[in-house]
Amino acid sequence: MIEERAFFIDYARCIGCQSCVQACAECDTHRGRSLIHLETIDRHDSVQTAPQVCMHCENPVCAQVCPADAIKQTPDGVVQSSLKPRCIGCSNCVLACPFGVPRYFGEIDQMMKCDMCYDRTSTGKRPMCATVCPSQALAFITLDEFRRTRGGTAINEWRFGDHPVRTKVYLVVPPETPPLLQIQGLGSARPSGAFDRNDVAAWLEQG
Amino acid sequence: MPPPVRVTARGADAAHAIAAGLAAAALVILGIYFGSRHLRDFDVALVPYAGASVFAAFGLGYRYAMWLRRPPTGLYWRRSWQLFFAPRHLPANIVRLARLAFDNFLAQKFIGRRAVKRWLAHWCIFWGCVLAAAVTFPLSFGWIHFETAPASLARYQAFVFGVHVFSFRLDSVLAPLVFNVLDVAALLVLTGIFFALWRRGLDRGALAVQQFANDLLPLALLFAVSVTGLFLTASTHLLRGYDFVFLSQLHAVTVIFTLLYLPFGKFFHIFQRPAQLGIAFYKEAGAASGQATCRRCGAPFASALHVGDLKRVESALGIRYATAAGDYQDVCPRCRRLSVALAQDALWRTHGRGPGKGTR
């Protein structure tokens, strides 16, 4: 019997190569639009980068706050992009998603998000990003393969503020980490806005 | 003054929705009764269509009321009307509404930007259905009817609510257009269905996510209505009325089934979609007012109006982002992504694997 594959994300492995960004745009359900996020954490001090796919929450906040009831889950728990006939482009989902995943495209007045390459995963293939990721920061493997090849453990329970979230996608954390990860969004980032004009990192940061 | 966010029990929601459904059905019945001049102009042969329309009105009223009972829907619906009717902006808003309605509903430009084939399919189906609805509902409600002119059998007269509106000769250019307007509508719909099936049959993305009940059944229903409608014309003009009674009953069955499906399937988006116009006003009002800044990076990321409303919706839905330490809703989407990555980074750092950097 073939064990079901799951999506594992390990930010610490990301090398910032952008392969996932390019591959994402090849997905047939959103051809030409890359929906994965690849964040540079703090370009001034580090080369650390982090990819962010949809974590496919069991009870998605994006769907709960959608006034048009446009965000649906497949029976296997994949949270889809907004339904085209319904989405009214309010961006509630963009602002409410605890992981900051959905994107709003003004020109087509629709929210789109990672749907775990449903055209591929629904037929047993791996998502585009996990297929091309050279460091396997994004991996679509069985739990058995994960245990054999990884040092950490995988968790999928979170708490944002006081709100519990359980996801279909797993995060790789050190062994013996408690199974629930608390996120407060505290701390401070380097302030945006004024920066040294000779600071190349800042220019890159500004896009 | 922000509109209230309503949180009600499921039973109360259903009772409210049933009342809304009954009110919608009653409105249609009253419209039929008075519009047909106390049923004087009502065509008894069209009773099944009128009956199905009454049921559809009940279903639509019920579904729409249930939809509005959802906290986010109710809030934005009321907020949109509040902004639209703001006395200072009302004249400009009416002009803006007309432009938005033209762009989004008549021309459907946003669908064209999604894909040309999708736009062609939707535009043809939309205008075919609008044309058909504009003729068949008033006909089956007895709001319009046709009579031969008393003075000449070669003239036809059209009445709206019993008032003579226009007349035409049977051998005029207008006559075949009037008599075949539903055939034109059917051909438009069939053209749209052709493009829709072409796209759905070849687009691998659509093939992966489409569902029979949601995406193909509506096309099958429209196809059945259009083709059986064209059968009637074919029977009349090409087959000397062959099996006309059976074909008319078959057509009635397809129309009635479509009307009954109207409130519960994909067609409900026809009634839901105008909310898109309200959101346009909401966004403009938000852009013109203060902006919310991220509590982590300090950058503006959305209108303060939107973030404030969203917090109230989240509270009504039991989404507990707010804590004594602060509200997670005040963190911008980018900083949320960074926070998650940095939380993992901190775990590995304390575990002693690597010297992670950055701020959480």
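The values are calculated or read from the model by the stated rules, or taken from the named source; none is laboratory data. The structure displayed is predicted, hence computed values, not measured ones. With ideal geometry, Cβ positions are generated from the backbone for all residues, glycine too; neighbour counts draw on all protein chains shown. Calculation scope for accessible area: heavy atoms of the full protein, side chains included, ligands and nucleic acids excluded. Shrake-Rupley method; radii C 1.70, N 1.55, O 1.52, S 1.80 Å.
The table that follows gives values for the structure above.
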| quantity | calculated |
| --- | --- |
| Length released on extending from B:N214 to B:A287, taking residue separation times 0.36 nm less the Cα-Cα span | 22.7 nm |
| Per-pair calculated FRET efficiency, R0 = 35 Å: B:F34 and B:S172 via Cβ, rounded to 0.05 | 0.65 |
| Accessible area expressed per residue, chain B, with surrounding protein chains retained (probe 1.4 Å, Å²) | 51 |
| Phi to ³J(HN,Hα) by Karplus 6.51 cos²θ - 1.76 cosθ + 1.60 over the stretch B:92-102, Hz, x for Gly, Pro | 5, 5, 5, 4, 4, 4, 4, 5, 4, 5, 5 |
| Chain A, dipole about Cα centre (Lys/Arg Cβ +1, Asp/Glu Cβ -1), debye to the nearest 20 | 300 |
| Candidate aspartates and glutamates for bridging to B:K266, where Cα separation is under 14 Å - those fewer than 8 sequence places away on the same chain excluded | A:D69, B:D215 |
| Difference of contour (0.36 nm per residue) and Cα-Cα distance, B:L207 to B:L22 | 62.7 nm |
| Per-residue ³J(HN,Hα) for the stretch A:129-135, Karplus 6.51 cos²θ - 1.76 cosθ + 1.60, θ = phi - 60°, Hz, x for Gly and Pro | 5, 5, 5, 9, 5, x, 9 |
| Accessible-area ranking of B:W67, B:W81, largest first, probe 1.4 Å | B:W81, B:W67 |
| In Å², nearest 10: area of B:F34 left accessible to a 1.4 Å probe | 130 |
| With every protein chain in place, the protein assembly as shown: carbon and sulfur % of accessible area (1.4 Å) | 64 |
| Zone of B:S315's modelled label, taken as backbone nitrogen in the stretch B:278-299 under 16 Å from a point 7 Å along Cα→Cβ | none |
| Distance histogram for the protein assembly as shown (every C-alpha pair counted, 20 angstrom bins, percent rounded to whole numbers) | 18, 46, 26, 9, 1, 0 |
| Area accessible to solvent at B:M66, 1.4 Å probe radius, in Å² | 40 |
| Placed amide H near A:F160: partners under 5 Å, 5+ positions off or other chain | A:V165, A:I183 |
| Links that overshoot a 19 Å alpha carbon limit, given the list A:K72/B:K117; B:K117/B:K283; A:K84/B:K109 | A:K72/B:K117; B:K117/B:K283 |
| Interface A:B - total buried accessible surface [probe 1.4 Å, Å², rounded to 100] | 5900 |
| Listed residues A:C17, B:C297, B:C335 arranged by accessible area, highest first, probe 1.4 Å | A:C17, B:C297, B:C335 |
| Backbone HN-Hα couplings from phi across the stretch B:165-171 [Karplus 6.51/-1.76/1.60, Hz, Gly and Pro as x] | 9, 7, 9, 8, 7, 5, 9 |
| Accessible surface of A:K168 - all protein chains present, 1.4 Å probe, nearest 10 Å² | 60 |
